[in-house]
Each structure stands twice: as C-alpha cells, then as structure tokens.
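These notes are about the structure you will find just below.
The values are calculated or read from the model by the stated rules, or taken from the named source; none is laboratory data. No experiment lies behind these values; they were computed from the predicted model shown. Here the Cβ positions follow ideal geometry from the backbone for every residue, glycine too, while neighbour counts run over all protein chains shown.
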C-alpha cells in the first residue's frame, strides 16, 4: 500500500505542474527570517520530477531569497480539500544561479507573466496606489528556486481509518513508516 501511496503522491505533484486547477498547483512555502521567525506565502509549483525535486519562480529581490540564503531549510504544505489529503514536506532550498538554466526558463515564460518580475521596486516595498507600479522595459529580476525534499508526511482523512505515513529520504531512496493520525 505504501508504494502505491508514494507513487500516487508523486503523480499528483507532477500533474499539478501541468493542470492549472490541480489542488497542489498552489502551495504554502515556509521559510525562516534572520530572527528565526517563520514566514509563509503561497507559491506556484512550476516543475516536479520523478525524484521529487520541485521548482518555483520568484523575484530575486524577494524576502524568500534572503531567507533561503541565511537558512535553506524550508517547509511546504499541499492541501486537497476534496480528497481531504494533506502533504507536508521538509526540504532543502537552493537558488538556481546557472545563467543557461535561468535563460531557458525565462524564454518559456509567457510574455504577460514576465511583467511579474520587472517592477522597479522590490516585492514588499510600500506604495501609495497599486495602479502606479512602475515596470521596467528591458530589465527583469527573475529567479528560480529548487526544493529538494528530505521528509514527507502524508495524511489522508477517511473512514474507517485515517492514513498517515512518514517518508524519510535515505541516500536516494525513500523509507516509510506509518504514524498515528
């Protein structure tokens, strides 16, 4: 059963990158600021591969970049309210710095979405009016982050028994154990 659950979870996460309405498309990413205070935000799952490495996009001036530079331990939370399925992940985050990789990602971003990475001011800066955001024409602040899970908790609420599993990555394989829900 655990191999079926793990395979199903991997398929769900990979499908979320291709299906805009998939419940795992948007998830919560938690980092810690320099004082150790947790900071959460919703991000978009852009890539997921068979090894469960995830990619998200961001503005390189965002707080999550500085948080990850200080402490690359992050948490991810996925929730499917229809199936009452929660996936909680602990991961190591790394900022993608390879220019070739970033250029390839950038050229595949739709033109209308590129604007999100071209504001003159950094994300989180105060403004007086959201209609007065100034965008740059020929410069962008696009960045990407790779997330590599090392611990996954799977929780499925169902009757007669809820199912909760802990998957720990050991070397390149995943070991599992059942937990009390």
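Points worth noting:
- Residue tally, condition touching a residue at least 60 places away in the same chain (Cβ under 8 Å), assigned to a loop (DSSP other than H, G, I, E, B) and on the phi < 0 side of the Ramachandran plot, over the range 114-138: 2
- Selection from the range 17-34 of residues that are closer than 13 Å to residue 79 by Cα and under 11 Å from the mean Cα position of the chain (by Cα): 24, 25, 26, 27, 28, 29
- The range 1-29, residues that are without any contact (Cβ under 8 Å) to a residue 12 or more places away in the chain and either touching a helix residue (DSSP H, G or I) at 6+ places or on another chain (Cβ under 8 Å) or in a strand (DSSP E or B) (or both): 22
- Answer residue from the range 44-76, given it is closer than 12 Å to residue 31 by Cα and free of Cβ contacts under 8 Å to residues at least 60 places away in the same chain and is farthest from the chain's Cα centre (by Cα) among those: 70
- Residues of the range 30-43 that turn out to be surrounded by 16 or more Cβ atoms within 10 Å (Cβ to Cβ) and either without any contact (Cβ under 8 Å) to a residue 24 or more places away in the chain or farther than 16 Å from residue 70 by Cα (or both), as a count: 1
- Scope the range 44-69; condition surrounded by fewer than 19 Cβ atoms within 10 Å (Cβ to Cβ) and over 26 Å from residue 118 (Cβ atoms); matching residues: 49, 50, 51, 53
- Restricted to the range 115-142, and to residues there that are over 15 Å from residue 61 (Cα atoms) and touching a strand residue (DSSP E or B) at 6+ places or on another chain (Cβ under 9 Å), the residue that is surrounded by the fewest Cβ atoms within 10 Å (Cβ to Cβ) is 134.
Yes or no, residue by residue, for (1) outside any helix (DSSP H, G or I); (2) within 19 Å of residue 148 (Cα to Cα); (3) at pLDDT 95 or above; (4) in contact with a helix residue (DSSP H, G or I) (Cβ under 9 Å, 6 or more places away or on another chain):
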{"residue": "76", "(1), (2), (3), (4)": "yes, yes, yes, no"}
{"residue": "83", "(1), (2), (3), (4)": "yes, no, yes, no"}
{"residue": "88", "(1), (2), (3), (4)": "yes, yes, yes, no"}
{"residue": "91", "(1), (2), (3), (4)": "yes, yes, yes, no"}
{"residue": "102", "(1), (2), (3), (4)": "no, yes, yes, no"}
{"residue": "106", "(1), (2), (3), (4)": "no, no, yes, yes"}
{"residue": "112", "(1), (2), (3), (4)": "no, no, no, no"}
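- The set of residues from the range 81-93 being surrounded by 14 or more Cβ atoms within 10 Å (Cβ to Cβ) and closer than 18 Å to residue 53 by Cβ comprises 87, 88, 89, 90, 91, 93.
- Top-ranked residue in the range 154-181 [being outside any strand (DSSP E or B) and over 17 Å from residue 77 (Cβ atoms); ranked as nearest to the chain's Cα centre (by Cα)]: 172
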